[in-house]
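All remarks here apply to the structure that follows.
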Amino acid sequence: MRGPRLLTTLLLAALAGAKYIVPGGRWYDTDGNLISAHAGGIVADKESDKFWWFGEYKTESHPEGGGVSVYSSSDLATWEYHGLALAPIEGHEIISPRHIIQRPKVVYSKASNEYHMWWHADNSSYGLLLQGFARSPNISGPYEFVSATAPLGNWSQDFGLFTDRNTGKSYALYSNGDRAEGRDVYISSYNDGVSALDSVVYRFNKFDLEAPTIVQTDRSYYALMSHKTGYRPNNVVAFRADSLEGPWSQPFMVAPPNTRTFNSQSGFTLRIDGTKKTTYLYIGDQWDSNSIWESRYIWLPMTIDDNKRTLQLEWHDVYDLDVKTGEWAPVRGTTYYAASNHARTSGTAFKQEANFASYGTIATGIYGNDSTVTFEGVEGAGEAQPQWVSFYYQNTDDMGFGDQPGGTPDRIGGAWQLRRIASVVVNGDVENVQTLYQRDTHKGVILSTPLLLRLRKGHNNTIAVGGLYNGFDVKGADLDRIVVYPPEREGR
Ligand code: GLA
């Protein structure tokens with residue numbers, strides 16, 4: 001397996017100048033390992049002047065029960081791993097490797113002068129529905145288990161934690177399970193020490209939503225939540241209110257319908273109070289239920305208009321965020337269209353009319369390694385400087401294929417394929433096939449997904465896209481265009 005190993009080496013070398021935020025990309029820590037901090041939360045810690053990211057730790061051999069990982073960063077783009085903040089304990093009644101330790105959040109408690117971690121604590125069948133509590137004198141841990149409790153006697157599944165910037169008071173956010181008696185989302189206030197809950201502040205009654213998070217502007221609170229489709233994405237909604245007690249507005253979608261929130265689930269939001277600008281980030285998960293440890297992260301700026309009372313996620317393939325000033329800007333790339341003569345098809349691949357695609361044309365029939373689309377004449381910056389390339393595609397596995405398994409979420413009893421995997425070969429180098437994961441979109445919905453590639457300097461690069469085996473066939477998704485981004489700048 002020379003290919004993958006070489007690929008890892010190349011990616012490692014690419015990490016040094018990593019400064020952009022690239023939603024849905026493979027994100028590596030400063031040791032060169034995939035960042036594993038799913039469904040977590042980020043603490044902006046004044047003392048260390050760093051961001052600390054806590055999340056569910058999942059590896060190929062331990063997709064569940066891995067405990068809580070912690071990473072730190074000064075720029076939200078370069079992350080250093082600090083190990084497990086909460087490690088599973090063999091034989092423990094709540095945090096054994098066979099227990100569910102999900103959606104961890106950390107908050108500083110003035111009263112105890114310690115950091116408190118809270119999470120959804122459960123057994124593997126979601127039969128306990130408790131809130132776990134652990135604490136540590138250091139933000140990075142290790143955290144010591146304290147208790148797992150039923151919040152004010154209720155059930156608790158997906159867990160979030162919100163601290164009001166005006167009052168400093170913290171609140172637990174939780175959905176209370178799938179049973180008919182549950183299906184609510186609660187906002188409950190903590191005591192001053194953030195060591196126990198005081199009272200219910202608001203209940204989103206019977207909306208049957210989960211994965212809650214609250215973002216606070218100067219005038220509003222917006223509560224984001226997802227529908228309940230397990231690890232499959234859906235259209236995340238938000239509610240708005242002047243006060244946490246409500247009244248809360250009707251829910252509304254936060255991303256274009258049918259993109260399923262750009263293939264992500266809500267879970268956390270981060271407000272960055274820069275010297276020049278306040279920026280609100282959506283911190284979502286792009287779950288991969290076929291291999292959960294490979295799940296990715298969708299972090300996007302949110303556009304909030306308190307006059308219109310709207311909140312929208314803004315998709316950007318690649319953006320540059322300055323956490324000090326709070327400013328961010330999309331990075332501009334060069335686009336190559338499937339419709340153009342510079343995109344050559346082979347084998348069964350062909351260009352087809354598609355009124356929703358660029359220039360009314362999409363490339364389809366991409367299959368195996370002999371039915372490909374090759375973009376020619378692609379400009380590169382040189383192999384020493386890897387570049388993010390976004391592939392805009394349509395994956396219609398939601399269409400249903402009769403005798404084929406799955407692929408039919410829009411019919412009774414249907415299930416999704418979840419994703420196709422395309423192969424990407426640069427300049428004919430078949431020893432280094434890159435894997436492009438293309439999640440289901442929807443008919444007529446084009447989304448993008450990025451890869452970090454090394455292109456030669458000059459205008460003569462080729463990027464060939466074929467289909468790889470992904471569990472059921474060797475089809476790649478339909479291609480609309482690719483966008484090649486400039487290499488990341490060194491330093492700031
Ligand atoms: C939803 C929840 C996750 C996890 C999965 C399991 O996505 O939000 O936290 O529990 O379901 O299916």
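Okay, here's what the table says:
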| quantity | calculated |
| --- | --- |
| Residue, farthest from the ligand (Cβ to nearest atom), within segment 91-105, restricted to residues that are open to solvent by less than 20 Å² (accessible area, probe 1.4 Å) and over 21 Å from Ser61 (Cβ atoms) | Ile94 |
| Options Thr310, Thr275: the member that is closer than 19 Å to Phe51 by Cα, surrounded by fewer than 16 Cβ atoms within 10 Å (Cβ to Cβ) and touching a residue at least 12 places away in the same chain (Cβ under 8 Å) | Thr275 |
| Total residues in segment 369-400, condition open to solvent by 30 Å² or more (accessible area, probe 1.4 Å), in contact with a Gly (Cβ under 9 Å, 6 or more places away or on another chain) and within 25 Å of Glu488 (Cβ to Cβ) | 2 |
| Any hit, segment 124-131, residues being away from the ligand (no atom under 16 Å from the Cβ) and in contact (Cβ under 8 Å) with a residue 40 or more places away in the chain | no |
| Some residue of segment 114-131 being open to solvent by less than 50 Å² (accessible area, probe 1.4 Å), over 18 Å from Arg271 (Cα atoms) and of a type in the set (D, E, K, R) | yes |
| Only one of Asp285, Asp322 that is within 16 Å of the ligand (Cβ to nearest atom), of a type in the set (Asp, Glu) and crowded, with 17+ Cβ neighbours inside 10 Å | Asp285 |
| Scan of segment 38-93 for residues that are in contact with a His (Cβ under 9 Å, 6 or more places away or on another chain) and either among the β-branched types (Val, Ile, Thr) or outside the structural domain of Pro212 (by TED's automatic domain parsing) (or both), ordered by number | Val70 |
| Total residues in segment 53-74, condition open to solvent by less than 20 Å² (accessible area, probe 1.4 Å) and touching a residue at least 24 places away in the same chain (Cβ under 8 Å) | 13 |
| Residues being of a type outside the set (S, T, N, Q) and open to solvent by 20 Å² or more (accessible area, probe 1.4 Å) - total across segment 28-44 | 5 |
| Unique match (being touching a Lys or Arg at 6+ places or on another chain (Cβ under 6 Å) and assigned by TED's automatic domain parsing to the domain that holds Ser109) among Lys206, Lys228 | Lys206 |
| Selection status of Val194, touching a His at 6+ places or on another chain (Cβ under 7 Å), assigned by TED's automatic domain parsing to the domain that holds Gly284 and either among the β-branched types (Val, Ile, Thr) or away from the ligand (no atom under 16 Å from the Cβ) (or both) | yes |
| Count of residues meeting criterion [out of contact with any Phe, Trp or Tyr (no Cβ under 7 Å at 6 or more places or on another chain), open to solvent by 20 Å² or more (accessible area, probe 1.4 Å) and either at pLDDT 95 or above or within 15 Å of the ligand (Cβ to nearest atom) (or both)] in segment 244-259 | 5 |
| Residues that are more than 16 Å from the ligand (Cβ to nearest atom) and crowded, with 22+ Cβ neighbours inside 10 Å, drawn from segment 149-169 | Phe162 |
| Residues (within 14 Å of the ligand (Cβ to nearest atom) and crowded, with 19+ Cβ neighbours inside 10 Å) located in segment 205-226 | Leu209, Glu210, Ala211, Pro212, Thr213, Leu224, Met225, Ser226 |
| Every pair of residues 6+ apart whose Cβ atoms lie under 9 Å, when the first sits in segment 281-296 and is farther than 23 Å from Ala44 by Cβ while the second is within 12 Å of the ligand (Cβ to nearest atom) and basic (Lys, Arg) | Trp287/Arg232; Ser289/Arg232; Ile292/Lys58; Trp293/Lys58; Glu294/Lys58; Ser295/Lys58 |
| Per-region count, segment 341-368, residues in contact with a helix residue (DSSP H, G or I) (Cβ under 9 Å, 6 or more places away or on another chain) and crowded, with 17+ Cβ neighbours inside 10 Å | 1 |
| Residue among Ser199, Ser195 that is of a type in the set (Ser, Thr, Tyr), surrounded by fewer than 21 Cβ atoms within 10 Å (Cβ to Cβ) and out of contact with any Phe, Trp or Tyr (no Cβ under 8 Å at 6 or more places or on another chain) | Ser199 |
| Number of the condition not met by Asn290 [criteria: (1) in contact with a His (Cβ under 9 Å, 6 or more places away or on another chain); (2) within 14 Å of the ligand (Cβ to nearest atom); (3) open to solvent by 10 Å² or more (accessible area, probe 1.4 Å)] | (1) |
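The values are calculated or read from the model by the stated rules, or taken from the named source; none is laboratory data. No experiment lies behind these values; they were computed from the predicted model shown. Every residue, glycine as well, gets a Cβ built from its backbone with ideal geometry; the counts of neighbours run over all protein chains shown. These accessible areas exclude ligands, DNA and RNA; they are computed on the full protein's heavy atoms, side chains included. Shrake-Rupley method; radii C 1.70, N 1.55, O 1.52, S 1.80 Å.
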